[in-house]
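Asker: Please find one structure pasted underneath; my questions will follow.
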Amino acid sequence: MRLLFIGDVVGKPGREGLAAAMPELRAQQHPDLVVVNGENAGGGVGITDATAKEIFEARADVITLGNHTYRHRDVYPLLDSDRRLVRPANFPAGNPGRGHTIVEAAGMRVCVINLSGQMHMRVERNPFTAIDELLDSLAGAADAFVVDFHAELTSEKVAMGWHLAGRVAAVLGTHTHVPTADARVLPGGTAHITDVGMTGSRAGVIGVRREQALRAFMTQMPVRFDTADEDVWVMGAAVEIGDDGLARRIEPIMIPAG
Ligand SMILES: [Fe+2]
Ligand SMILES: [Fe+2]
C-alpha cells in the first residue's frame with residue numbers, strides 16, 4: 001500500500017499549489033491513499049467548510065488537522081458529519097469531530113489518526129497515553145495505522161516515533177512547517193519523520209509574508225499576518241506499507257507546485 005502524506009496546506013497559495021502538483025505527484029508516486037494536513041488551509045489559520053471541500057476535490061482521501069482545528073466555526077458541522085476529516089484524538093471527546101478514521105486502500109483497512117503534542121500546545125490528554133489507549137481500543141479494527149503527530153518540539157516528535165515503533169506503519173510529524181532530514185524506517189517497521197514540512201510559500205516565514213513576520217520580530221508589536229504567496233512548494237512524504245501493516249520505506253517529498 002502506498003501512502004502519500006502532505007504537510008500543512010497554508011492558505012489559498014497552498015490549496016492551489018496542492019491542486020496543481022497533485023497530478024504530477026500521483027503519476028510519480030501512484031498512491032493508494034492520500035492524507036493531507038489541512039490545519040492552515042483557511043486563510044492560513046484553521047480550515048473552513050469550503051477549503052476542506054477544496055482539498056477533497058484535489059483528491060485527498062483524508063484530511064488531518066491540529067492546534068488550529070476550531071478557528072473557523074463553519075467547519076464544525078463538517079467535522080461531525082464527514083468521516084474523512086480528523087482532528088487530534090487527544091482533544092476533549094465531546095468536541096466537534098473525531099480523532100481517527102478507517103479507510104480502505106489497496107485492499108487494506110487503514111486507520112488514520114491525528115494526535116497533538118502537549119508541549120506548547122493545549123490538549124486534554126497526554127498524547128503518549130492517549131495513543132496507547134486508542135490503539136488498544138482499535139486492536140483488530142484496522143490492518144495498518146498511520147499517525148499524523150502534530151507537535152512543536154523535535155524531542156516530543158522523536159519520542160513519539162520510538163513510542164510507536166513496531167506498533168504502527170508511520171508516525172509523520174506536522175505543525176512546524178519546516179521539513180526535517182531524518183526520514184527513516186525505525187526498527188520494528190515504523191516510518192518516521194520529525195516534520196514533513198508545509199505546502200505553501202517558501203518566500204515567507206512558515207507561510208506568513210516575510211516583511212510582516214520580520215516586523216513582528218523586530219518591533220514586538222502586534223502585526224497583521226497575511227499568507228505569503230510566492231514560490232509555493234509541496235512537501236510531504238511517501239510511505240510504502242506491507243501487508244503486515246508495517247513500513248518498508250519512506251521518502252521525503254519536496255517539489256515546486258507549478
Ligand atoms: Fe500548521
Ligand atoms: Fe499547527
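Quick note: the coordinates plus some simple rules give every number you see, no bench work behind them. Being a predicted model, the structure only gives us computed values, none of them experimental. Here Cβ is always computed from backbone atoms with ideal geometry, including for glycine, and neighbour counts include all displayed protein chains.
Asker: So what is the orientation-averaged projected area of the chain, using the convex hull of its C-alpha atoms, in nm²? All intermediate terms of the calculation are to be shown ahead of the outcome.
Answerer: Numbers: hull surface 50.4 nm².
If I average the Cα hull's projected area over directions, I get 12.6 nm².
Asker: Take the alpha carbon gyration tensor of the stretch 166-243, find the square roots of its eigenvalues, order them as a ≥ b ≥ c, and report rounded if a/c is under 1.5; if not, report prolate when a/b exceeds b/c, else oblate. Walk me through the numbers before you get to the answer.
Answerer: Values: a/c = 4.15, a/b = 2.65, b/c = 1.57.
Judged from the Cα gyration tensor, the stretch 166-243 comes out prolate (a/c at least 1.5, a/b above b/c).
Asker: Set Lys and Arg Cβ to +1 and Asp and Glu Cβ to -1, take the dipole of the stretch 101-258 about its Cα centre, and tell me which of SER137, ALA183, GLN220 lies farthest positive.
Answerer: With unit charges placed on the Cβ atoms, the residue in question is GLN220.
Asker: Also: Please check: in the Gaussian network model of the chain (C-alpha springs, under 10 Å), which one of PHE56, PHE91, PHE225 has the largest mean-square fluctuation.
Answerer: PHE225
Asker: Please compute the volume of the convex hull spanned by the alpha-carbon atoms of the stretch 55-169 and report it per residue in Å³. Don't skip to the end; give the middle numbers.
Answerer: Numbers: hull volume 13.1 nm³, N = 115.
Cα convex hull per residue, to the nearest whole number: 114 Å³.
Asker: Around ARG125, with a cut-off of 13 angstrom between Cβ atoms, what is the net charge of the other residues, counting Lys and Arg +1 and Asp and Glu -1? Each step should come with its number before you reach the end.
Answerer: Numbers: positive: ARG122; negative: GLU124, ASP132, GLU133.
Overall, the nearby charge balance is -2.
Asker: A further question follows. Once you list every other residue whose beta carbon is under 10 Å from the beta carbon of THR69, what net charge do they have if Lys and Arg are +1 and Asp and Glu are -1? Before the final figure, lay out each step's value.
Answerer: Values: positive: ARG71, ARG87; negative: GLU39.
Charge balance in the 10 Å sphere: +1.
Asker: How far apart, in nm, are the 7 Å Cα→Cβ label points at ARG109 and ARG59?
Answerer: 2.7 nm
Asker: Report, for the stretch 1-85, the % of DSSP beta bridges that are antiparallel, rounded to 5. Spell out each step's value before the answer.
Answerer: Numbers: 0 of 8 bridges.
Antiparallel bridges make up about 0 percent of those DSSP assigns within the stretch 1-85.
Asker: Moving on to the next point. Between beta-carbons, use under 10 Å as the cut-off and find the net charge around HIS175, counting Lys and Arg +1, Asp and Glu -1.
Answerer: Numbers: positive: LYS157; negative: ASP8, GLU39, ASP148, GLU152, ASP195.
With Lys, Arg at +1 and Asp, Glu at -1, the net is -4.
Asker: Given the -39500 (n - 2.57) contribution per DSSP H run of 4+ residues, what per-residue ellipticity at 222 nm results for the chain, rounded to the nearest 500 deg cm²/dmol? Let's see the in-between values first.
Answerer: Values: 6 runs with 66 residues, N = 258.
Here the helix-only value at 222 nm equals -7500 deg cm²/dmol.
Asker: Subtracting the Cα-Cα distance from 0.36 nm times the residue separation, let me have the gained length for ALA203 to ASP182 in nm, one decimal. Please list the in-between numbers first.
Answerer: On the way: separation 21, 0.36 × 21 = 7.56 nm, distance 2.36 nm.
Between ALA203 and ASP182, full extension yields an extra 5.2 nm.
Asker: For the chain, calculate the relative contact order in percent as a whole number, restricting contacts to Cα pairs under 8 Å that are 6 or more residues apart.
Answerer: 20 percent
Asker: Related question: Given the C-alpha centroids of the stretch 37-112 and the stretch 124-182, what is the distance between them in whole angstrom?
Answerer: 17 Å
Asker: Follow-up question, since we're still on this one. Run the numbers on the stretch 165-258 and let me know its relative contact order in percent, using alpha-carbon pairs under 8 Å that are six or more apart.
Answerer: On the way: 224 pairs, mean separation 26.8, N = 94.
In percent, rounded to a whole number, it is 28.
Asker: Which three numbers, in whole Å and largest first, are the semi-axes of the equivalent ellipsoid of the stretch 18-122 derived from its Cα gyration tensor as √(5λ)? Spell out each step's value before the answer.
Answerer: Details: eigenvalues 103, 54, 32 Å².
The answer is 23, 16, 13 Å, longest axis first.
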